[in-house]
Amino acid sequence: MSELLAFSFDADASPAITLRDAARAETEHDLPYGWGFGWYPGGELAAVAIKDPTSSGDDAMTHVLRDWERFRSTIFVCHLRGTGQRIGQRDAQPFIRSHAGRHWLFAHNGDLSADLPAAFHLEQPPLFEPLGRTDSEYVFCWLLGSFFRAGARRLADVSRETLLEALRRLNALGTANFLLTDGEELLVYHDLRRKNGLHWIRRTPPHALSHLESRHLSVELGNPRDPYRTQLVFATRPLSDEAWHAMEGGQLLVARRGALVWDSHAKAEPDADPPRAGLAPASLQAQSGAAPASVTSGLPARLSPRAQTLFVIHETTYSYTEPVERSAHRFRLRPVHDPRQFVLAHRLQLSVDGFRREFEDVFGNQTTMFEVSDPFQELVVRSEAQVRLRAEDPLHLRSPLRRDTIPLVWMPWQRQMMMPYLLPPELPETQLRELSDFAMSFVERNEYDLLETLLDINRTLYRDVAYVSGSTTLATTPYDVYTSRRGVCQDFANLLICLARLLGVPARYRMGYIFTGTDYANKIQSEASHAWAELYLPWIGWHGFDPTNGCQAQLDHVRVACGRNYGDATPTSGTIYRGGGTETLALRVRVERLGLEGE
């Protein structure tokens with residue numbers, strides 16, 4: 001039997017393939033008998049396919065597969081043929097054809113009956129005519145001819161359901177595992193009767209294992225340029241001891257840039273994921289191997305209810321081993337008051353007497369300056385707020401006039417006004433380049449659509465980054481989170497902000513609270529302030545994206561302070577000028593629902 005292997009990476013990568021040679025094979029049947037390897041160098045739509053239909057082990061041709069520098073692509077397709085009848089170059093897979101200004105690659109594992117030409121006619125004269133005699137190439141030509149007649153110039157132009165129906169009709173004539181790619185998307189179809197098998201895994205960094213292996217080949221993914229690539233791997237058999245997913249019979253998967261963008265067997269997701277509180281346990285993280293929903297899942301069709309009233313208590317207690325003789329403090333604890341969030345009541349209580357002054361800072365935050373000149377050893381800061389939140393129509397996120405794309409076009413005065421929110425953090429150039437490549441993988445996956453890209457980033461960070469309390473500090477950078485794929489809410493927000501700014505989308509840090517609900521698995525509920533990102537969309541202004549929970553900021557998010565980063569929006573800060581000794585801080589936050597309003 002033959003074997004299939006395919007990769008979809010979020011950015012250009014260089015896997016090194018080594019075929020099992022005669023010295024390592026236990027029997028002659030362990031040796032592949034002919035192989036083919038196809039890819040798209042440098043992300044272009046022109047493919048390269050190299051084949052050796054007579055190879056039976058390690059030789060000069062297979063050495064090419066181990067040359068990392070020759071193989072940089074987001075898509076790779078490999079076909080290994082087992083022992084059997086000798087074939088020529090024209091019948092070796094994967095097949096390559098040109099259609100609509102791009103190269104297409106196709107590989108097939110299985111056998112279709114001799115009735116294939118009678119059941120699936122090629123037009124006369126055929127637009128795409130087989131060079132060889134295999135049923136696999138015939139299917140490839142028939143599919144491309146169908147695409148041409150339908151006016152489809154790429155896989156994304158073809159209805160997924162229509163394509164699935166056609167593949168199942170073909171499958172009715174025998175056994176069929178198919179790989180098809182146009183250089184942008186990778187289509188993987190598994191036989192209705194699950195003949196020969198197909199498995200897949202989505203591997204997110206950091207990678208504990210860089211070596212994958214089967215009885216016919218080994219794959220080395222440890223190229224020094226690719227340590228943080230997300231890898232979507234499809235193979236006839238699992239290539240490691242990791243948790244591979246066995247494809248169902250008749251299942252069709254479509255991959256793009258290291259993510260599944262369509263699954264014929266996808267199960268409906270719940271309406272909303274339980275939110276992660278400020279101190280949510282790591283067990284609430286999403287399974288990175290799960291098939292994602294469409295990126296438009298971040299746009300709910302309807303919101304219910306339309307309004308909600310929340311009561312928030314934020315209490316911070318500072319204790320000192322020695323009396324504090326003089327100090328100054330800054331509090332940003334009053335929630336935002338605007339048409340979407342109405343502050344019904346707010347009270348700030350301080351256990352120590354001092355001079356208070358209220359003002360609005362440069363970012364629009366309601367701020368309290370508090371200076372104390374009388375000695376104290378304990379300061380309790382208690383903020384109580386009752387807030388009514390109104391839901392927004394989710395459809396307003398998309399511009400009614402045009403499809404906004406990346407890069408955004410700014411007038412010079414607009415860019416000047418937004419400059420504080422467009423500058424990425426000061427990181428080494430190599431780190432910013434790596435983060436920029438990561439951000440661009442979302443752009444290309446979503447065909448440069450601005451809103452779809454931002455929703456995809458927001459959802460992917462939720463799925464692929466683990467929420468681990470205490471795993472980071474205030475000094476943790478977005479690159480640290482990108483490489484470790486773990487953090488807390490402020491780290492999720494900082495990474496999203498960095499990626500958005502690298503794409504030219506203004507982004508700011510938002511501090512506030514989140515209501516997690518009494519039926520939430522984390523009974524502690526929200527015991528700390530929460531953080532998320534707000535991105536500036538030209539047609540609506542600032543809009544909240546919560547990557548910690550993979551959702552948009554709506555009725556459960558109470559907005560308090562914002563700024564370029566955490567330092568601009570920290571809820572409490574201060575300076576001790578004299579005394580104090582060792583400081584101990586205790587924090588208590590509680591968010592309660594007082595009422596819901598309307599559908």
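Normalised by residue count, region 324-427 yields a Cα convex hull volume of 194 Å³ per residue.
Listed from fewest to most Cβ neighbours within 10 Å, the set W244, W39, W539, W142 follows the order W539, W244, W142, W39. Here T405 and T473 are evaluated by their C-beta separation; at R0 = 35 Å the FRET efficiency comes out at 0.40. Summing Lys and Arg as +1 and Asp and Glu as -1 over all other residues whose Cβ lies under 9 Å from the Cβ of V465 gives a net charge of +1. What FRET efficiency comes out for M369 versus H207 if R0 is 51 angstrom and r is the Cβ-Cβ distance? Round to the nearest 0.05. The calculated FRET efficiency here is 0.55.
Taking other C-beta atoms within 10 Å as the exposure proxy, H207, H557, H265 rank H265, H207, H557 from fewest upward.
Computed from label points 7 Å out along Cα-Cβ, the spacing between E242 and Q416 is 5.0 nm. Using bins of 5 Å that start at zero, the share of Cα-Cα pairs per bin across region 397-481 amounts to 3, 11, 16, 19, 24, 16, 8, 4, 1, in whole %. Peptides 368-379, 396-407 ranked from most to least packed by the mean count of surrounding Cβ atoms within 10 Å: 368-379, 396-407.
Per-residue packing, averaged as other Cβ atoms within 10 Å, sorts the ranges 425-433, 586-594 into the order 586-594, 425-433, beginning with the highest. The calculated pair-distance distribution of region 436-477 uses every alpha carbon pair, bins of 10 angstrom beginning at 0, and gives 26, 41, 26, 7 percent. Comparing region 442-518 with the 2.2 N^0.38 Å rule of thumb, its C-alpha radius of gyration ratio is 1.15 (two decimals). For V352, the shell of other residues with beta-carbons less than 10 Å away shows a net charge of -3, using +1 for Lys and Arg and -1 for Asp and Glu. Scoring 435-441, 191-197 by mean Cβ neighbours within 10 Å over their residues and listing the highest first yields 435-441, 191-197.
For the chain, averaging the sequence separation of C-alpha pairs within contact (under 8 Å, six or more residues apart) and dividing by the residue count gives a relative contact order of 15 percent. A Stokes-Einstein calculation at 37 °C with viscosity 0.692 mPa s, built on the Kirkwood radius of region 3-263 over Cα pairs, returns a diffusion coefficient of 178 µm²/s.
At the listed q of 0.15, 0.16, 0.22 Å⁻¹, the Debye profile of region 435-577, built from one uniform point per Cα, gives log10 I(q)/I(0) equal to -0.73, -0.83, -1.51. Taking R0 as 22 Å, what FRET efficiency do you get between D353 and E583 from their Cβ-Cβ distance, rounded to the nearest 0.05? That pair, D353 with E583, gives E of 0.65. Model label points for T321 and A119, set 7 angstrom from Cα along the Cα-to-Cβ axis, are 8.2 nm apart.
Modelled label positions at H346 and R390, each set 7 Å beyond Cα in the direction of Cβ, lie 1.8 nm from each other.
Bear in mind that the values in this text are calculations on the coordinates, not laboratory data. Since the model is a prediction, treat every value here as computed from it, not as a measurement. Note that each Cβ is placed from the backbone with ideal geometry, even for glycine, and that neighbours are counted across all protein chains shown.
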